[in-house]
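Participant: Take this structure, written in structure tokens, and hold onto it; I'll ask about it next.
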Amino acid sequence: MRIGPLDESVAVLHAESDEVLLAAIHRGDEGAIAALYDRYGGLAYGLAYRIVNDRGTAEDVVQDAFMSVWRRAVSFQTGRGSVRTWLLSIVHHRAIDRLRGTSGRARRDAPLDEVDRVVAVDDPWAEVQLRVQRDVLRQSMATLPEAQRRTIELAYFGGYTQHEIASTMDVPIGTVKGRMRIGLQKLRGLLAGTGIE
Amino acid sequence: MRMLSENEMGNGTELMECAFAERGFAAAYTLNALDGEELGAYRQHLAGCAICAAEIVALRATAAQLPLSLDEAETVAPPALRARLLEAVRTEPRGAAVARPVTTDRWDGRDSVAAPRGLRPAAVGARPVTERSEGPTPLSARPRRLPQAYAAAAVLLLTFGLGLLGWNLALQREVRQARADRDEARAALAVYALGATAAGAGHGEVIHLRNRGQAIVTVSGLPPLQPGQVYQIWLIPPGGQPEGAGVFLDQASEVEGDLARYQTLAITIEPGPAGSAAPTMSPILAGTIGEQ
């Protein structure tokens, strides 16, 4: 078990690309999974918590997702998208499963728990890039037609099924799916060339 | 799934369509919003549809950006969870055969389209600012007569001392001129703000003279340089690595090249006189440039 040396190797790994980290994870490098957590654990937890609205459940979901990456790094092929996409897709899927597995829907209007502040990741370059990416994504979302944006948000962050959305927005199921497709494609077009993916 | 005939397409290219994809099944599936009988039916369809598989890969990448819209205060990873994760990882070393129940993770092996990587732009050729501080013509090249030698020397010293100031004045003149022309030539000029990072200090501005393919960077309040250090400018393309774009000592610098390819400008402190090939420290000042 390494303690001090692990921290040092993690610090070094912070500067490596996602693909390099994944290769190291595949080789069993614990520092690499720690570095990946440092990089994306925040987004993963924020997403999970937004959906399940429960701290313990959100932590379970995030842990499951990273363990999945730890076990299955070998089966991931970079040609199918980025590591971040893979990780957040697992988080989203697991969080939705947990949400729907419980009796009733956890209301989203409960106040956020007090979260322990984490010392900022020691990589201000990532901070700069992330800030730019956040701005671009938010601006792109804002340009989507209201109906499409709302549909996507209800599904992605609210965990609503297509039937629940249809009921909430009082439109047919086909319209819900159509708005999802057009909205996501439009978003994809807006994000193209901005370096997000 | 039906194939469009050639006369439908017009250009002779075959285009395959999928009714499921067209009706948004792939999108709903990506958002985990598909439910009921349609979910089961679509899963069966997915087993044999490359079109849907490709659309899911593409839309999944887009959907994975949505967490970026969360507030920064929400996206803080619990430190206790990090320790818990590392503990779990230690008790389950890679390569160990672990019997796990089959998960419902849908990242299956049928995705067939590779996401194209962005092209890396060529490095910007930037003239180091240190060249500009050479000052006026060297003394040896000036014709002089003895009676005027001292006068000439005095003029030379004064001019050399003013060299940097002269360059600064010229730059400031350009900045003033650029600002004065701003209303008349908005398309030719764009101004972006630079802000201090957590590790930095000061503020700055990038004035992009599009017609001339130049930008003027003005800064103030930066952390002071130690002897032998310089400020270095970095241009960062979307999703790419920082590229050096010149060094400077004072409160202003020029950058030449096609700024349109870059998304971010950052400044670090590097060893002089020419700076570094890659940043050796975190940025002290940064800002978004280019179209938003």
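The values are calculated or read from the model by the stated rules, or taken from the named source; none is laboratory data. No experiment lies behind these values; they were computed from the predicted model shown. Here Cβ is always computed from backbone atoms with ideal geometry, including for glycine, and neighbour counts include all displayed protein chains. Just the protein is used for accessible areas: all its heavy atoms, side chains included, with ligands, DNA and RNA removed. Shrake-Rupley method; radii C 1.70, N 1.55, O 1.52, S 1.80 Å.
Participant: Anything in the stretch A:130-151 that is buried (at least 16 other Cβ atoms within 10 Å of the Cβ) and either within 7 Å of another protein chain (Cβ to nearest Cβ) or at pLDDT below 95 (or both)? List them, or say none.
Facilitator: Within the stretch A:130-151, A:L130, A:R131, A:V132, A:Q133, A:R134, A:V136, A:L137, A:S140, A:M141 qualify.
Participant: What single numbered condition from (1) in contact with a helix residue (DSSP H, G or I) (Cβ under 9 Å, 6 or more places away or on another chain); (2) more than 7 Å from chain B (Cβ to nearest Cβ) fails to hold for A:S167?
Facilitator: Tallying (1) in contact with a helix residue (DSSP H, G or I) (Cβ under 9 Å, 6 or more places away or on another chain); (2) more than 7 Å from chain B (Cβ to nearest Cβ), A:S167 fails exactly one: (1).
Participant: A further question follows. Of the residues A:A23, A:A15, which single one is open to solvent by 10 Å² or more (accessible area, probe 1.4 Å), more than 8 Å from chain B (Cβ to nearest Cβ), in a helix (DSSP H, G or I) and modelled with pLDDT under 90?
Facilitator: So the residue among A:A23, A:A15 that is open to solvent by 10 Å² or more (accessible area, probe 1.4 Å), more than 8 Å from chain B (Cβ to nearest Cβ), in a helix (DSSP H, G or I) and modelled with pLDDT under 90 is A:A23.
Participant: Out of B:A73, B:A58, report the one residue that is assigned to a loop (DSSP other than H, G, I, E, B) and without any contact (Cβ under 8 Å) to a residue 60 or more places away in the chain.
Facilitator: Working: B:A58 fails: assigned to a loop (DSSP other than H, G, I, E, B).
Answer to the check: B:A73.
Participant: Going through A:G158, A:G183 one at a time, which residue ends up being assigned to a loop (DSSP other than H, G, I, E, B), within 10 Å of another protein chain (Cβ to nearest Cβ) and at pLDDT 95 or above?
Facilitator: A:G158 is the lone residue from the list that is assigned to a loop (DSSP other than H, G, I, E, B), within 10 Å of another protein chain (Cβ to nearest Cβ) and at pLDDT 95 or above.
Participant: Quick one: which of A:V10, A:V74, A:V69 is more than 7 Å from chain B (Cβ to nearest Cβ), at pLDDT below 95 and open to solvent by 10 Å² or more (accessible area, probe 1.4 Å)?
Facilitator: A:V74
Participant: Moving on. Go through the stretch A:170-180 and give me each residue that's more than 7 Å from chain B (Cβ to nearest Cβ), surrounded by 18 or more Cβ atoms within 10 Å (Cβ to Cβ) and either polar (S, T, N, Q) or within 22 Å of A:G193 (Cα to Cα) (or both).
Facilitator: none
Participant: Only residues in the stretch A:166-191 that are in contact (Cβ under 8 Å) with a residue 12 or more places away in the chain count as the first member; pair them with residues that are assigned to a loop (DSSP other than H, G, I, E, B) and open to solvent by 70 Å² or more (accessible area, probe 1.4 Å), Cβ under 9 angstrom, at least 6 apart or cross-chain, and list the lot.
Facilitator: A:K177/B:R23; A:L191/A:E197
Participant: On to the next question. Six or more apart or on different chains, Cβ atoms under 6 Å: show the pairs whose first residue is in the stretch A:112-141 and in a loop (DSSP other than H, G, I, E, B) and whose second is modelled with pLDDT of 50 or more and of a type in the set (D, E, K, R).
Facilitator: A:D113/A:R55; A:V121/A:D38
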